[in-house]
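Colleague: Just dropping this structure here.
The values are calculated or read from the model by the stated rules, or taken from the named source; none is laboratory data. Since this is a predicted model, take the numbers as computed values, not measurements. Using ideal geometry, Cβ is built from the backbone for each residue, glycine included, and neighbour counts are taken over all protein chains shown. Side chains included, ligands, DNA and RNA excluded: accessible areas come from the protein's heavy atoms. Shrake-Rupley method; radii C 1.70, N 1.55, O 1.52, S 1.80 Å.
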Amino acid sequence: MHRIAIVGGGTGGTVLANRLANELQPELESGEVEVRLITADRDHVYKPTFLYVPFGKKTVDDARRPIEDLVDRRVSLTIGEVTGVDTDTKKLTFADSSILAYDQLVLATGASLDPEAVPGLAEGGHHFYGPEGAEALRDDLAEFTEGHLVLSVVGVPHMCPAAPVEFTLMVDDWLRERGRREDVDITYTYPINRAHGLQSIADWATDLFEERDIDFETFFNVDEIDPDAEVIQTVEGSEMDYDLLVAIPPHAGSDLVTDAGLGEDGWVDVDKHTLEATNAEDVYAIGDIADVPTSKAGSVAHYEAGVVADRLASRARGTVPTATYDGKTVCFLEAGMDEATFIEFSYGEEPFVREPSKPLHWAKLGYNESYWLTARGLL
């Protein structure tokens, strides 16, 4: 039997498992191939939903579905924590000390938040990158009537690279709708010399910030937060006072990756076109954990999953894989509470930012609702 193991039940892992269930249907039904999805969480989480929780437009429950409801029945589902990867013997070790052998392995473990990497950040800052953070921000934002609101991107790279810009434009609009904007100053900060990593998005965001009286500072690298004094201190030696801080925490890869010798700093070194690990045979990585020169975004994981599914199926059948990933990324960007824009690009390309519109906002909301069909492999 040819054994394919997928570690991680997020977008990349779930889409991949379901794609393989379709592509390898005859082999799965005959018992020649096994596809096993391994995840430590019984729920599948669609993280982009959390952007809407602070504004009362979604709840954290809207972001969750039981993983078993999303995975094709031909896929073997294991709920458990993988604690070790031995790429020489092709074996996985679990937290309960059990061992699982594989022939081909895909790591899709995603990124994790690391607010403790910056002193005072966990105590002094809010974020919307997880359920608890999004709910806490919702509660404090509801009572925030005046003062200085700061959105600070503390670490890069981070998931959903456009989300900090989206939140800033949305909170501006949200405060205006409630007649609070005149009493609230908004500042956006970013650690490099522009408002976003992609120049075209940075230019688009800068124009909107200026138009809407949103201050922004670049080369702003947070060093420490004083939650009692409500002060941000930067590596550059400057300080900024705040009354409500929304900080995008540093992101971390996985010790699993580092311990297995698959990449430094917890990200898997891969060929950017084949997604194959450069430091081990028969190992792939997709989604946020893969070190590729594009966004850590759900659409990236989705398109990568399609490529890797084709490559894994070819290997399982004893043929040479030919599918490659060109860096394709698509993303809706909210420009406020009722308008959005849309971008798409591949490796080495600058996206064209379309004029924001209500139909594009509705399209984004529609995709968010239909995402569960995507996870099931139906879209």
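Colleague: Examine segment 287-300 for a residue that is in a helix (DSSP H, G or I), crowded, with 23+ Cβ neighbours inside 10 Å and charged (D, E, K, R), and state whether such a residue exists. Don't jump to the end; show me each part of the working.
Modeller: Step one: filter segment 287-300 for residues in a helix (DSSP H, G or I), giving 287-289, 298-300.
Still in the list and also crowded, with 23+ Cβ neighbours inside 10 Å: 287-289, 298, 300.
Now drop any that are not charged (D, E, K, R), which leaves 288.
Within segment 287-300 (the criterion being in a helix (DSSP H, G or I), crowded, with 23+ Cβ neighbours inside 10 Å and charged (D, E, K, R)), the answer is yes, since at least one residue qualifies.
Colleague: Scan segment 317-357 for residues that are assigned to a loop (DSSP other than H, G, I, E, B) and open to solvent by less than 30 Å² (accessible area, probe 1.4 Å) and jot them down. Full working, then the answer.
Modeller: The first filter runs over segment 317-357 and keeps only residues assigned to a loop (DSSP other than H, G, I, E, B), leaving 317-328, 335-339, 346-356.
Once the filter is applied, which keeps residues that are assigned to a loop (DSSP other than H, G, I, E, B) and open to solvent by less than 30 Å² (accessible area, probe 1.4 Å), segment 317-357 yields Pro321, Ala323, Tyr325, Gly327, Ala335, Gly336, Met337, Ser346, Pro351, Val353, Pro356.
Colleague: Does segment 281-301 contain at least one residue that is of a type in the set (A, V, I, L, M), in contact with a strand residue (DSSP E or B) (Cβ under 8 Å, 6 or more places away or on another chain) and at pLDDT below 95?
Modeller: Here is the first cut: in segment 281-301, the residues of a type in the set (A, V, I, L, M) are 283, 285-286, 289-290, 292, 297, 300-301.
Now drop any that are not in contact with a strand residue (DSSP E or B) (Cβ under 8 Å, 6 or more places away or on another chain), which leaves 283, 285-286, 289-290, 292, 297, 300.
Then drop every residue that is not at pLDDT below 95, which leaves 297.
Scanning segment 281-301 turns up at least one residue that is of a type in the set (A, V, I, L, M), in contact with a strand residue (DSSP E or B) (Cβ under 8 Å, 6 or more places away or on another chain) and at pLDDT below 95.
Colleague: Give me the pairs: first residue in segment 159-179 and over 19 Å from Lys47 (Cα atoms), second residue aromatic (Phe, Trp, Tyr) and surrounded by fewer than 24 Cβ atoms within 10 Å (Cβ to Cβ), beta-carbon distance under 7 Å, and six or more apart or on different chains, which are they?
Modeller: That search, which allows pairs on different chains as well, returns Trp174/Phe55.
Colleague: Can you tell me which of Glu230, Glu236 is over 25 Å from the mean Cα position of the chain (by Cα) and more than 14 Å from Leu121 (Cα to Cα)? Lay out the reasoning, then the answer.
Modeller: Details: Glu230 fails: more than 14 Å from Leu121 (Cα to Cα).
Result of the check over Glu230, Glu236: Glu236.
Colleague: Could you tell me whether any residue of segment 99-121 is assigned to a helix (DSSP H, G or I), touching a residue at least 40 places away in the same chain (Cβ under 8 Å) and open to solvent by 20 Å² or more (accessible area, probe 1.4 Å)?
Modeller: Filtering segment 99-121 down to residues assigned to a helix (DSSP H, G or I) leaves 115-117, 121.
Imposing the further condition that a residue be touching a residue at least 40 places away in the same chain (Cβ under 8 Å) reduces the set to 115, 117, 121.
Going one step further and asking which of them are open to solvent by 20 Å² or more (accessible area, probe 1.4 Å), we end up with 115, 117.
Scanning segment 99-121 turns up at least one residue that is assigned to a helix (DSSP H, G or I), touching a residue at least 40 places away in the same chain (Cβ under 8 Å) and open to solvent by 20 Å² or more (accessible area, probe 1.4 Å).
Colleague: Consider Asp88 carefully, then state whether it is modelled with pLDDT of 95 or more, open to solvent by 70 Å² or more (accessible area, probe 1.4 Å) and under 14 Å from Asp259 (Cβ atoms).
Modeller: Yes.
Colleague: Restricting to segment 122-158, count the residues that are outside any loop (DSSP other than H, G, I, E, B), within 14 Å of Phe55 (Cβ to Cβ) and more than 23 Å from the chain's Cα centre (by Cα).
Modeller: Of the residues in segment 122-158, 5 are outside any loop (DSSP other than H, G, I, E, B), within 14 Å of Phe55 (Cβ to Cβ) and more than 23 Å from the chain's Cα centre (by Cα).
Colleague: Being without any contact (Cβ under 8 Å) to a residue 60 or more places away in the chain, surrounded by fewer than 18 Cβ atoms within 10 Å (Cβ to Cβ) and touching a Leu at 6+ places or on another chain (Cβ under 8 Å) is the requirement here; does Asp185 meet it?
Modeller: Values: without any contact (Cβ under 8 Å) to a residue 60 or more places away in the chain: yes; surrounded by fewer than 18 Cβ atoms within 10 Å (Cβ to Cβ): yes; touching a Leu at 6+ places or on another chain (Cβ under 8 Å): yes.
Answer is yes for this residue.
Colleague: Looking at (1) part of a helix (DSSP H, G or I); (2) in contact (Cβ under 8 Å) with a residue 24 or more places away in the chain; (3) more than 26 Å from Lys296 (Cα to Cα), can you tell me which one Pro26 breaks?
Modeller: (2)
Colleague: Suppose we filter Asp255, Asp282, Asp243 for residues that are within 30 Å of Gly147 (Cα to Cα) and open to solvent by 10 Å² or more (accessible area, probe 1.4 Å); which single one remains?
Modeller: On the way: Asp255 fails: within 30 Å of Gly147 (Cα to Cα); Asp282 fails: within 30 Å of Gly147 (Cα to Cα).
Unique residue meeting the criteria: Asp243.
Colleague: Let me spell it out: the conditions are (1) open to solvent by less than 60 Å² (accessible area, probe 1.4 Å); (2) closer than 15 Å to Leu312 by Cβ, and Asn22 meets all of them except one. Which number is the exception?
Modeller: All conditions are met except number (1).
Colleague: Of the conditions (1) under 25 Å from Leu100 (Cβ atoms); (2) touching a residue at least 40 places away in the same chain (Cβ under 8 Å), Val60 satisfies every one except a single condition; which number is it?
Modeller: Going through (1) under 25 Å from Leu100 (Cβ atoms); (2) touching a residue at least 40 places away in the same chain (Cβ under 8 Å) one by one, Val60 breaks only (1).
Colleague: Any residue in segment 200-213 that's outside any helix (DSSP H, G or I) and modelled with pLDDT of 95 or more: show its pairings with residues that are crowded, with 18+ Cβ neighbours inside 10 Å and not small (Gly, Ala, Ser) at Cβ separation under 7 Å, as long as the two are six or more apart or on different chains.
Modeller: Arg212/Asp172
Colleague: With respect to the numbered conditions (1) buried (at least 18 other Cβ atoms within 10 Å of the Cβ); (2) out of contact with any Leu (no Cβ under 6 Å at 6 or more places or on another chain); (3) modelled with pLDDT of 95 or more; (4) not charged (D, E, K, R), which one is the sole condition not fulfilled by Ser314?
Modeller: Unmet for Ser314, out of (1) buried (at least 18 other Cβ atoms within 10 Å of the Cβ); (2) out of contact with any Leu (no Cβ under 6 Å at 6 or more places or on another chain); (3) modelled with pLDDT of 95 or more; (4) not charged (D, E, K, R): (1).
Colleague: Something else now. Being within 16 Å of Ala117 (Cβ to Cβ) and in contact with a strand residue (DSSP E or B) (Cβ under 7 Å, 6 or more places away or on another chain) is the filter; apply it to segment 224-238 and report the residue that is most open to solvent (accessible area, probe 1.4 Å).
Modeller: Taking segment 224-238 first, the residues within 16 Å of Ala117 (Cβ to Cβ) are 224-225, 227, 232-235.
Add one more test, that the residue is in contact with a strand residue (DSSP E or B) (Cβ under 7 Å, 6 or more places away or on another chain), and what stays is 224-225, 232-235.
Working: Glu224: 76, Ile225: 8, Ile232: 0, Gln233: 61, Thr234: 11, Val235: 100 Å².
In this case the residue turns out to be Val235.
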